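A short reminder: the numbers here are calculations on the coordinates, not readings from a lab. Computed from a prediction, not measured in an experiment: that's the story for all the values here. Cβ atoms come from the backbone with ideal geometry, glycine included; neighbour counts cover every protein chain shown.
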Amino acid sequence: MAPPSQLWKRRLPHSLRLGAARSSTAPAPAPAAAAQTQTLPYEAIPRSGRNAWLNLYRFWRSDSFQSLHLVMQRNFQRYGPIYRETVGTYNCVNVLMPRDAAQLFQAEGIFPRRMGIGSWEAHRRLRNHKCGIFLLNGQEWRSDRLVLNKEVISPAGTRKFLPFLDAVARDFASLMQRRISKTTRRSLTLDLYSDLFRFTLEASSYALYGERLGLLDESPHAESQRFISAVQTMLRTTLPLLFLPSGLMSWVNGRLWREHLEAWDTIFQHADKCIQNIYQEFCLGQPRKYSGILAELLLQAEMPLDSIKANITEFTAGGVDTTAIPLLFTLFELARNPGVQSALRQEIAEAEAQGPRELSKVLNAMPLLKGALKETLRLYPVGITVQRYPTKDVVLQNYCVPAGTLCQVGLYPMGRSPEVFRNPERYDPARWLSKEDNSFKALAFGFGARQCIGRRLAETEMMLFLMHVLRNFQIDTVSKADIKTIFGFVLMPEKPPLLTFRPID
């Protein structure tokens, strides 16, 4: 990986260097010194361009959407750890340091609000669909979130769907064993990108709906493949539409808008079919046993059916690439860091040697594996920012930011900043096990009450996958060169790496 520290050699303005230093390593100023430091007004925050629509035009002309994470990194290099940005309808303050993320957490209020996605909301209005918690705000968001927390993110809820995820992870390892057995060299080199998408859809659907889709069969269903393609199209078309008012979307690029609508329609059709199947079984009074998150929500009857459908559909759409892509990056980093791979394999063996136990206890006995996922998401965050609208005026880097201002924490630049991480270019899962203060440094799933609702589902799915794959295979890579990344509403590889799997006898 190219040393990102090269991006930070340019000297910052003196006042910004002091602010950055205080927020990373230096102690807080004494009361007398703090009194002498004058808080600067919002208008004094360095600004990246002044004309919102000219900035949007430049993004379109230069095709900068796919490099937004790199643009943000360069802007922090140029302006320091805080700057303002206006692009089309998008007006925000971007910050870099964990201390500022903590300040935003303190100011988010009981109804934390994230940036809306106009194209998604427009689709819901056009098709008369209800919104799920990803798009909701205020009391409606809070009501749905409290119900969902119990089944999706609480320890008790997580323990119930762990066996489902474990079964799919075991099946994936068996699939790879069968493929390798058909080769003459006892190894398999391949682009695993599409296989990981099939795995994550199979696993998340099993946890959500309690039924298998058969995506790990040799000939997966065309309908499921169509769903995966629709998710990829939805994400690809979201980014160019992100900065436009909903009324201009179809006018500026009609084809793009139609593709976006059709992709969401396919996603809703897939989810609706799965929901109808489980709902019919539920109404027929089938023998009671745990059969997925949807069935539990129906049984609780604490949320209207249309709200359950809206949220389950969002889970279905959001649980594929946001897990598959981090797994791909993790496998690549383990392949080019064989020492880390060996340490993880040893940890897995030691955890399993303690005898039969609950899956949750087995996973808790593997802190280095958890650290590996944090390290992957530090370097390759799925979403490159975390957004909040503070409910009160907040001081960030000695600037007063008014309540209601869209604020973004730049996760990609933070993860690669030597101001925040020692040796940021190094893949080192053990850094998360040290006694160093890591508060507000691992924000890939967000923070506070509005952190990603699918966090536990994604984390346990990835841990179980890695546990079974590392137990059975040695992983190598054809090329250890850095992966070039692009931003397509989620961070992804420009070209997936080739990975080699060899069975461990």
Going by alpha carbons, how many degrees (0 to 90, nearest 10) lie between the helix axis of 254-283 and the longest principal axis of the chain? 50 degrees
With n ≥ 4 as the cut-off for DSSP H runs, can you work out [θ] at 222 nm for the chain, using -39500 (n - 2.57) per run divided by the number of residues, rounded to the nearest 500? -17000 deg cm²/dmol
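If each residue of separation counts as 0.36 nm, what is the full-extension length gain between residue 239 and residue 435 once their alpha-carbon separation is subtracted? Could the numbers behind the result be given before it?
On the way: separation 196, 0.36 × 196 = 70.56 nm, distance 3.87 nm.
Value of the extension gain: 66.7 nm.
To the nearest 0.05, how large is the calculated FRET efficiency for residue 117 and residue 186 if R₀ is 56 Å and r is the Cβ-Cβ distance? Can you show the working numbers first?
On the way: r = 47 Å, r/R0 = 0.84.
Working from the Cβ atoms, E equals 0.75.
Based only on Cα atoms, what mean projected area does the convex hull of region 96-239 have, in nm²?
Values: hull surface 51.3 nm².
About 12.8 nm², averaged over all directions.
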Estimated distance in nm for a label pair at residue 364 and residue 269, the labels positioned 7 Å out from Cα along Cα-to-Cβ: 4.5 nm
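Give me the net charge of residue 122's neighbourhood, meaning all other residues with Cβ under 15 Å from the Cβ of residue 122; Lys, Arg count +1, Asp, Glu -1.
Values: positive: 124, 125, 127, 130, 258; negative: 121, 259, 262, 265.
Its environment carries a net charge of +1.
What ratio of Cα Rg to 2.2 N^0.38 Å holds for region 4-503?
Scaled against compact globular proteins, the figure is 0.99.
Once you charge only the Cβ atoms, +1 for Lys and Arg and -1 for Asp and Glu, what is the size of the charge dipole of region 4-503 about its Cα centre, to the nearest 20 debye? If you can, show how the numbers build up before the last one.
Working: 63 positive and 45 negative charges, 249 e Å.
The dipole magnitude comes to about 1200 debye.
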Furthest towards positive pole of dipole, 41, 433, 94, structure part region 4-503, Cβ charges: 41
So, over other residues within a Cβ distance under 12 Å of residue 347, counting Lys, Arg +1 and Asp, Glu -1, the net charge is +1
Cβ-based net charge around residue 366, under 10 Å, with every Lys or Arg adding one and every Asp or Glu removing one: -2
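In square nanometres and to one decimal, what's the mean projected area of the convex hull around the Cα atoms of region 351-457? Can you show the working numbers first?
Working: hull surface 34.4 nm².
Its Cα hull, projected and averaged over all orientations, spans 8.6 nm².
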Entries in 374/495; 130/495; 130/374; 160/370; 374/480; 273/441 that, when Cα-Cα distance is taken, lie over 30 Å: 130/495; 130/374; 273/441
Please give, to one decimal in nm, the separation of the simple spin-label points placed at residue 179 and residue 140, each 7 Å out from Cα toward the Cβ. 4.3 nm
Arrange 385, 237, 183 by Cβ neighbour counts within 10 Å, fewest through most, would you? 183, 385, 237
Expected sort for 466, 215, 368 with the fewest Cβ neighbours (10 Å cutoff) up front is 368, 466, 215
May I ask for the angle, rounded to the nearest 10°, between helix 68-79 and the longest principal axis of the chain, with both axes built from Cα atoms and the value confined to 0 to 90°? 20 degrees
Rounded to the nearest 10 degrees, the helix 118-127 long axis (Cα) sits at an angle to the longest Cα principal axis of the chain of 50 degrees
Grab the beta carbon distance between residue 504 and residue 39, set R0 = 41 Å, and tell me the FRET efficiency rounded to 0.05. 0.10
Would you calculate the separation in nanometres between label points at residue 90 and residue 223, each defined as 7 Å from the Cα along the Cα-to-beta-carbon direction? 3.6 nm
Among 326, 187, 400 the positive-end extreme of the charge dipole of the chain (Cβ point charges): 400
